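So the structure is just underneath, and the comments pick up after that.
Here, each number is a calculation from the coordinates, and none is a lab measurement. Everything numeric in this text was worked out from a predicted model, so none of it was measured. As a convention, Cβ positions derive from the backbone with ideal geometry for all residues, glycine included, and neighbour counts pool all protein chains shown.
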Amino acid sequence: MISVQNLRKVFSPNIVAVDDISFSLKEGETLCLIGTSGCGKTTTLKMLNRILEPSSGEIHLLGKNILEQDRIEVRRRIGYVIQRGGLFPHWTVAQNISLVPRLLKWSPEKIKSRVEEMLNLVDLSPVEYIDRYPAQLSGGQQQRIGIARALAADPPVVLFDEPFSALDPITRKQIQEEFLALKKKVHKTSVFVTHDVREAFLLGDKILLMKQGKMEQYGTPEELQNSPANEFVRNFIQNH
Ligand SMILES: Nc1ncnc2c1ncn2[C@@H]1O[C@H](COP(=O)(O)OP(=O)(O)O)[C@@H](O)[C@H]1O
Ligand SMILES: [Mg+2]
């Protein structure tokens, strides 16, 4: 489904943000990218939807090299969720959710029914929420709209960059459970960045732990737990 080989990103003058990252995911799997702040998680994610161009390496999505495809097309085909949903404050919920469908020039009827479907999917009543602005929503609700927006055009892959880290612990726990339920319903392949080990172990089918741009370990949660590759991995899992 997704295959990433030897991905590397060097920012000028000589900052190696991502250094030789490789992984592969099957359809429906979630990969959690973890590691301390500045280790290269966001940079890795942004190369997957070509917000950033890799310095070297390969990324294949559904068997095709995305680096040879049109950047804008690639971005539209991959959902992207960031902290607080990244909603446009002057747009209503309906306008936010329909961003990509509108770019794809869906008909107004199809867009309206898709917006309603997405609101139902994230458990928000369309009648109540469709015309609200982001400021009229709680943090958890904004995050759910961000997820609805990312799923609206039914992309095969969704990327998440620490989406829940600004939420209070109770809302966070609730939305993590919703994420798991949603995953069963929509079966999306996803890459999920977090610095929270608990969250990574709860949500990830695979985990990639990074340090200073490099992979320390890549495997299932059980593999990291039961056979940590080195002291760093062992400590990271125990202390976070
Ligand atoms: N546009 C940029 N120009 C130069 N350095 C950058 C840029 N973006 C990120 N970096 C550096 O790359 C490293 C990885 O950053 P990032 O991927 O944002 O880390 P994380 O998401 O894991 O906290 C950091 O050292 C950061 O300062
Ligand atoms: Mg980051």
Seminar exercise, completed: In the chain the DSSP beta bridges are antiparallel at a rate, in percent to nearest 5, of 55 percent
Seminar exercise, completed: Between residue 65 and residue 51, the two model label points (7 Å from Cα along the beta-carbon direction) sit apart by a distance in nm of 2.5 nm
Seminar exercise, completed: For region 2-239, averaging the sequence separation of alpha carbon pairs under 8 Å that lie six or more residues apart and dividing by its residue count, the contact order in percent is 29 percent
For this session: Find how many whole Å separate the alpha carbon centroid of region 191-240 from the alpha carbon centroid of region 43-75.
Result: 24 Å
Exercise. Rounded to the nearest 0.05, what FRET efficiency is calculated for residue 166 and residue 239 with R0 set to 25 Å and r the Cβ-Cβ distance?
Worked result: 0.65
Problem set entry | Pairs from 41/173; 185/206; 110/185; 9/183 whose Cα-Cα separation, in the structure shown, is over 24 Å | 9/183
Problem set entry | Expected 222 nm ellipticity per residue - DSSP helices of 4 or more, -39500 (n - 2.57), all of the chain, to 500 | -11000 deg cm²/dmol
Exercise. So what's Rg/Rh here for the chain, counting alpha carbon atoms and using the Kirkwood radius for Rh?
Worked result: 0.97
For this session: For residue 112 and residue 72, calculate 0.36 nm times their separation in residues minus their Cα-Cα distance, and state this gained length in nm to one decimal.
Result: 12.0 nm
Problem set entry | 5 angstrom amide H check on residue 211, placed H, neighbours 5+ away | 216
For this session: Specify the residue with the greatest mean-square fluctuation among 120, 226, 14, computed from a Gaussian network of the chain linking alpha-carbon atoms under 10 Å apart.
Result: 14
